[in-house]
Amino acid sequence: MAIAKAEDIKILLSNFTSLMSLRLMNMLLPLITMPYLVRVLGVEKFGLVNFALAIIMFFNLFVSFGFDLSVTREISINRDDKRKIAEIFSSVLLIKMVFVILSFVVLCGLIALNDTIGDNAQLYFITFGVVVGNALLPLWFFQGIEKMKHITYINVASRLFFAIMIFVLVKDKSDYIYVPLLNSIGTIVGGVYAIIFIRSVFNIGFVIPKIESAIYQLRNSAHFFLSRVANEGARYFASVLIGFKFGDLYVGYYTMVDKLFTVFMSGGGIVSQTIYPYMSRERNIRLFKRIFVVIIGLTIIGLVPLIIYRNEILELVFNNSDKIVSDIFLIMFSGGVFGIASILIGYPLLAAFGFIREANFSLIYASVFFVIVAVGGILAKNIYIVSMSVVVYELIGLLLRIYYVKKNKIIKC
């Protein structure tokens with residue numbers, strides 16, 4: 001059984017600190033700007049903005065295509081081969097730009113064919129800037145070489161810009177368009193700067209990739225793409241369903257809780273992203289077990305007061321503790337432990353040991369149950385059933401991943 005070296009621990013702690021700083025910024029800034037936006041724009045306009053974002057994020061998932069997971073591993077393994085890294089880097093960027101163009105064409109078609117979207121065409125075009133920015137932002141490169149502090153600085157700067165300008169420009173309901181505009185500008189500038197930074201500091205530039213290399217990256221990311229669609233797409237799918245069936249007001253209610261839940265769940269994501277490159281190389285089960293026990297313990301300790309004092313939290317954050325919001329909060333957060341455990345068992349464990357298909361398909365299968373429950377909630381005109389689909393998804397995903405771990409005897413109890 002592998003024992004973590006002092007240098008490995010140092011790298012893990014450095015990356016964990018960087019990711020924690022980035023995630024804390026990503027958590028704290030929305031907790032500052034989101035309550036302000038709910039108060040200034042009102043729940044309905046806030047819902048409209050997030051309904052548009054939910055639709056646009058499906059394009060973002062397509063453009064990302066799971067590269068954040070598959071390419072991270074490729075770069076981690078080939079970190080000492082600059083020519084190989086340049087080829088991987090260029091192949092992924094080229095594919096993403098092609099996907100951005102295809103996505104934009106589809107968006108134009110949706111605007112032309114759907115009145116709900118077409119009536120707010122400007123909002124959707126501006127929100128699409130997030131897709132462009134994320135396509136340019138090579139988070140996977142920094143994760144692969146395990147130097148997360150650089151991308152942390154870039155992300156923090158762009159997030160701060162967005163947050164500050166929200167308070168400067170958004171003064172009443174009519175200013176809602178500034179929200180996606182500022183978000184898009186910040187993301188695009190951050191992505192462009194990151195590429196320039198990689199070229200100047202790491203001497204990794206764009207080269208014309210071989211067709212075989214691009215095809216390989218697509219094939220290698222296919223399972224990850226399906227997994228990301230199942231995981232993140234589920235959240236956006238629920239928001240879109242609620243928007244079409246219940247309207248912008250209920251999208252606002254749902255989004256308020258969903259964003260808080262995402263903030264909570266990001267703790268598991270930090271740990272997962274930190275140890276995944278290391279586990280891919282070392283497969284240190286002993287260290288994984290220790291980390292897993294600590295994180296699950298902290299998750300339970302954190303969940304209890306959040307659920308008990310949910311009305312006070314909602315009143316403090318949103319100045320809104322309506323029973324609908326409170327009940328959605330209770331339902332969603334009851335699945336928090338399942339979700340964190342599933343995240344930790346997924347890529348840092350199953351994928352690191354070569355069971356990528358199992359890690360990905362566990363979420364794909366779980367998403368089937370999610371869709372069934374969510375659609376059932378829509379047909380029953382019950383938003384609480386729609387919210388329960390999140391808990392079902394997290395639980396099914398966890399059970400399937402535990403099954404794969406036992407089946408493949410990764411951890412011997």
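Per 0.36 nm of contour for each residue apart, how much would the distance between residue 286 and residue 399 grow if the chain were fully extended, relative to their Cα-Cα spacing?
Result: 38.5 nm gained on full extension.
Can you check what the Kirkwood hydrodynamic radius comes to for the stretch 143-189, Cα pairs only, in Å to one decimal?
Final number for the Kirkwood radius of the stretch 143-189 is 11.8 Å.
Compute the length gained on full extension between residue 149 and residue 106: take 0.36 nm times their separation in residues and subtract their Cα-Cα distance, giving the result in nm to one decimal.
Gain in length upon complete extension: 11.9 nm.
Restricting things to alpha carbons, find the Rg to Rh ratio for the stretch 275-413 using the Kirkwood radius for Rh.
A ratio of 1.05.
Using only the alpha carbons of the stretch 189-319, determine the length spanned along each of the three principal axes and report them from longest to shortest in whole angstroms.
Taking the Cα atoms of the stretch 189-319, the three principal extents are 54, 44, 30 Å.
Would you look at the GNM of the chain, springs on alpha carbons closer than 10 Å, and say which of 186, 205, 336 moves the most?
Answer for the Gaussian network model of the chain: 205.
Rounded, prolate or oblate: which one fits the stretch 234-307, using the alpha carbon gyration tensor with axes a ≥ b ≥ c (rounded when a/c is under 1.5, else prolate when a/b beats b/c, else oblate)?
Numbers: a/c = 4.64, a/b = 2.08, b/c = 2.23.
Oblate shape, in that a/c is at least 1.5 and b/c is the bigger or equal ratio.
At a Förster distance of 45 Å, what's the computed FRET efficiency of residue 97 paired with residue 321, Cβ-Cβ distance as r, to 0.05? Before the final figure, lay out each step's value.
On the way: r = 45 Å, r/R0 = 1.00.
Given R0 = 45 Å and the Cβ-Cβ separation, E is 0.50.
Computed FRET efficiency, Cβ-Cβ of residue 380 and residue 199, R0 56 Å: what is it to the nearest 0.05?
0.55
Enumerate the lysines that residue 409 could reach by cross-link, defined here as Cα to Cα under 22 Å, with residues fewer than 8 away along the same chain left out.
Reachable lysines: 289.
If I stretch the segment between residue 298 and residue 222 completely, what's the gain in nm (0.36 nm per residue apart, minus their alpha carbon distance), one decimal? The partial results should precede the final answer.
Details: separation 76, 0.36 × 76 = 27.36 nm, distance 3.35 nm.
Residue separation times 0.36 nm, minus the Cα-Cα distance, leaves 24.0 nm.
Report Rg(Cα)/(2.2 N^0.38 Å) for the stretch 320-384, keeping two decimals.
Against the empirical 2.2 N^0.38 Å value, I get 1.44 for the stretch 320-384.
In the stretch 276-315, which chymotrypsin sites (Phe, Trp or Tyr not before Pro) are in a loop and have at most 15 other Cβ atoms within 10 Å, using DSSP for the loop call?
Those satisfying the criteria are 309.
How big is the convex hull of the Cα atoms of the chain, per residue, in Å³?
In the chain, the Cα convex hull volume per residue is 133 Å³.
On a straight-distance basis, which lysines could pair with residue 82 in a cross-link, Cα separation under 17 angstrom, same-chain partners fewer than 8 positions away excluded?
Correct list for residue 82: 147, 210.
So how far apart, in nm, are the two label points at residue 121 and residue 169 if each is 7 Å from Cα heading toward Cβ?
The two pseudo-label positions are separated by 2.2 nm.
Taking the stretch 42-101 as the region of interest, what is the percent of Cα-Cα pairs per 5 angstrom bin, listed from the shortest bin to the one with the maximum distance?
4, 16, 20, 16, 13, 10, 8, 6, 4, 2, 1
Just flag the trypsin sites (Lys or Arg not before Pro) in the stretch 69-107 sitting in loop per DSSP whose Cβ has no more than 14 other Cβ atoms within 10 Å. Before the final figure, lay out each step's value.
Details: sites: 73, 79, 82, 83, 84, 96; in loops: 79.
Answer in residue order: no site qualifies.
Which lysines, if any, have their Cα less than 25 Å from the Cα of residue 171, not counting same-chain residues under 8 positions apart?
45, 259
Computed from the coordinates by the stated procedures, all read-outs in this text should not be read as laboratory data. None of the values given here were measured: they were computed from a predicted structure. Cβ atoms come from the backbone with ideal geometry, glycine included; neighbour counts cover every protein chain shown.
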